[in-house]
Amino acid sequence: MSAQYRVGVIASGRIAREHGRGWTECKNTEIVAIADSHPQALIEYGRDFDVPAEHHYLDYREMMDKENLDIVSVCSWDPMHAEMTIAAAARKPKAILCEKPMAMSLGEADAMMTACERNGVKLAIGHQRRFYSAWTEAKRLVQEGEIGRPVRIWSATRSGMMNTGTHCIDFQQYILNNQPARWVMGAVERQTDKHIFGHRVEDRCVGIIGYGDDLEGVIENEMNARYEVGACVYGTDGMLEVNDNRLRYMTTKSNGWQTFQPTEKILTGYGTAHVDQAYGIVNWIEGKEEDYRGQAKYGRAALEIMMSVYESARCHERVNLPLLTRANPLDVAVETGVIPVTRPGWYDERAMLVRGEGMSWVKK
């Protein structure tokens, strides 16, 4: 019987509930403490995940100092990821699971990884769709040459790049066995002063990613309403289409289109992905899985591509990787007038998630 690992969850919103279900349904982990700045949120989360009131904290640092945690889930809004991950790493748990996107800039991402490496902490990023059976089967089809040599990947989502769009980029990385990108060229539209989860985002954007061997990836964000997280992979001997946890494919051997049936039960919108993610982290901690599919270096690779789309739009050029800009290029472009706001009026797309009178967790 594997050891029971003590889990503390920071923030108690929608995605924290998905983390909570993952940790609760994993037989090796138990949520023993929660932290949130809103007292009512703590009460509701504690009730739903059986965490007693004496283990509720308004200060997440106090929770980590008192609870002797093995695993910390960082489920806060995006601008807090770096600060909270670094603080958690200083307390030396065995692992940290931070939600996507990893950070607001490459500088922040590298600081998070440095803090974890310095303290011997494993850092995972919540690209939980890597645990979809349809994604894993798509990866197998590509890696085993079932569609020949891939020549083009097209990905789309109805949401923004720094929101669900990060999964589209991560899909490309995953099925290519984490092949590094060589260059990025992007275009960004930002007429309004749009934010999401407390940070600036584009109104819509597109990008082309060069992977080498004449293979290119295309990303579209808020341009196509058909896909939640969708992709088409075109190869020399076939093609496949993914739409979230659905897959169909056609090869020279398939006699037309074939539909893959997911192996997991669809219990929620994410199926069992968060449960499988929890088991994966346990196996990583215990040394049973060396190349854990959700580790931070893969989350950083997706972030680097997103930052490169912004940098390409800022500099009006193809950006070669590695990206040297450590700040968030969209912030720099807006603040220096390269991408001016032409339709003023600050707003946050997720303001409806904030409790009470506030409209954002981040001061404008």
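The values are calculated or read from the model by the stated rules, or taken from the named source; none is laboratory data. Treat the numbers as computed from the prediction; the structure is a model and nothing was measured. Every residue, glycine among them, receives a Cβ derived from its backbone with ideal geometry; neighbour counts consider all protein chains shown.
Below is a table of values for the structure above.
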item: Residue in segment 248-294 that is modelled with the lowest pLDDT, counting only those that are within 22 Å of Thr24 (Cα to Cα), in a loop (DSSP other than H, G, I, E, B) and among the acidic types (Asp, Glu); result: Glu264
item: Extreme residue, nearest to the chain's Cα centre (by Cα), among residues of segment 46-80 that are surrounded by fewer than 23 Cβ atoms within 10 Å (Cβ to Cβ) and among the aromatic types (Phe, Trp, Tyr); result: Trp77
item: Any chance Trp183 is in contact with a Cys (Cβ under 7 Å, 6 or more places away or on another chain), more than 30 Å from Trp346 (Cβ to Cβ), in the same structural domain as Thr236 (by TED's automatic domain parsing) and surrounded by fewer than 24 Cβ atoms within 10 Å (Cβ to Cβ); result: no
item: Single residue of Gly217, Gly210 found to be touching a helix residue (DSSP H, G or I) at 6+ places or on another chain (Cβ under 8 Å), among the small types (Gly, Ala, Ser) and under 30 Å from Glu189 (Cα atoms); result: Gly217
item: Which listed residue is in the same structural domain as Val142 (by TED's automatic domain parsing) and either part of a strand (DSSP E or B) or farther than 28 Å from Ile96 by Cβ (or both), from Met306, Met239; result: Met239
item: Residues (in a helix (DSSP H, G or I) and within 21 Å of the chain's Cα centre (by Cα)) located in segment 311-345; result: Glu311, Pro329, Leu330, Asp331
item: Search result, residues across segment 91-133 that are in a helix (DSSP H, G or I), hydrophobic (A, V, I, L, M, F, W, C) and buried (at least 19 other Cβ atoms within 10 Å of the Cβ); result: Leu106, Ala109, Met112, Met113, Ala115, Cys116, Phe131
item: Residue satisfying all of: in segment 47-72; part of a loop (DSSP other than H, G, I, E, B) and of a type outside the set (Asp, Glu); farthest from Glu99 (Cα to Cα) among these; result: Pro52
item: Every residue from segment 1-37 that is more than 16 Å from Ile285 (Cβ to Cβ), under 22 Å from the mean Cα position of the chain (by Cα) and either of a type in the set (Gly, Ala, Ser) or not assigned by TED's automatic domain parsing to the domain that holds Asp48 (or both); result: Ala11, Ser12, Gly13, Ala16, Gly20, Ala35
item: Matching residues, segment 16-54, being touching a Lys or Arg at 6+ places or on another chain (Cβ under 9 Å) and under 25 Å from Ile86 (Cα atoms); result: Thr29, Glu30, Ile31, Val32, Ala33, Ala35, His38, Ala41, Tyr45
item: Unmet requirement for Met80, which otherwise passes all of (1) farther than 24 Å from His195 by Cα; (2) not assigned by TED's automatic domain parsing to the domain that holds Leu324; result: (1)
